[in-house]
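Enquirer: Quick one: this structure, given as structure tokens, is what I'll be asking you about.
The values are calculated or read from the model by the stated rules, or taken from the named source; none is laboratory data. From a predicted model like this one, the values you see are computed outputs, not experimental measurements. We place every Cβ from the backbone using ideal geometry, glycine too, and count neighbours over all the protein chains shown.
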């Protein structure tokens, strides 16, 4: 569920800065994850596994920094940790 929140937050920020492509891709990704959860809920029929979790993390991170934009989308955390 964390990736759904991350993707929806990315869609919101992308919509606010006018990047419709990233907003659409983030909403589509969140919809795909929610669809996976819907079909997988009661019995765990489909196994996402490590590969799926790594892909979802890569997808969420890559939406934040596409190659055609010089800076990543703004976020609340600006200081390095």
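Enquirer: Does the range 39-63 hold any residues that are at pLDDT 75 or above and either farther than 15 Å from residue 3 by Cα or in a loop (DSSP other than H, G, I, E, B) (or both), and which are they?
Expert: Our first condition is that a residue be at pLDDT 75 or above; within the range 39-63, this holds for 39-42, 47-63.
The answer is 39, 40, 41, 42, 47, 48.
Enquirer: Here is a follow-up. Count, please, the residues in the range 13-30 that happen to be over 10 Å from the mean Cα position of the chain (by Cα) and exposed (fewer than 14 other Cβ atoms within 10 Å of the Cβ).
Expert: Residues in the range 13-30 being over 10 Å from the mean Cα position of the chain (by Cα) and exposed (fewer than 14 other Cβ atoms within 10 Å of the Cβ): 6 in total.
Enquirer: Those residues that are out of contact with any helix residue (DSSP H, G or I) (no Cβ under 6 Å at 6 or more places or on another chain) and closer than 11 Å to residue 4 by Cα, I need them from the range 14-33; list them, please.
Expert: 28, 31, 32
Enquirer: While we're looking at this one, here's another question. From the list 66, 74, pick out the single residue that is assigned to a loop (DSSP other than H, G, I, E, B), loosely packed, with under 13 Cβ neighbours inside 10 Å, out of contact with any strand residue (DSSP E or B) (no Cβ under 6 Å at 6 or more places or on another chain) and at pLDDT below 80.
Expert: Only one candidate passes the filter, namely 74.
Enquirer: Out of (1) in a loop (DSSP other than H, G, I, E, B); (2) touching a residue at least 40 places away in the same chain (Cβ under 8 Å), the odd one out for residue 10 is which?
Expert: (1)
Enquirer: Another question, then. Look at residue 80 and say whether it is at pLDDT below 75 and within 21 Å of residue 15 (Cα to Cα). I'd like the intermediate steps shown before the answer.
Expert: Values: at pLDDT below 75: yes; within 21 Å of residue 15 (Cα to Cα): no.
No: the conditions fail for residue 80.
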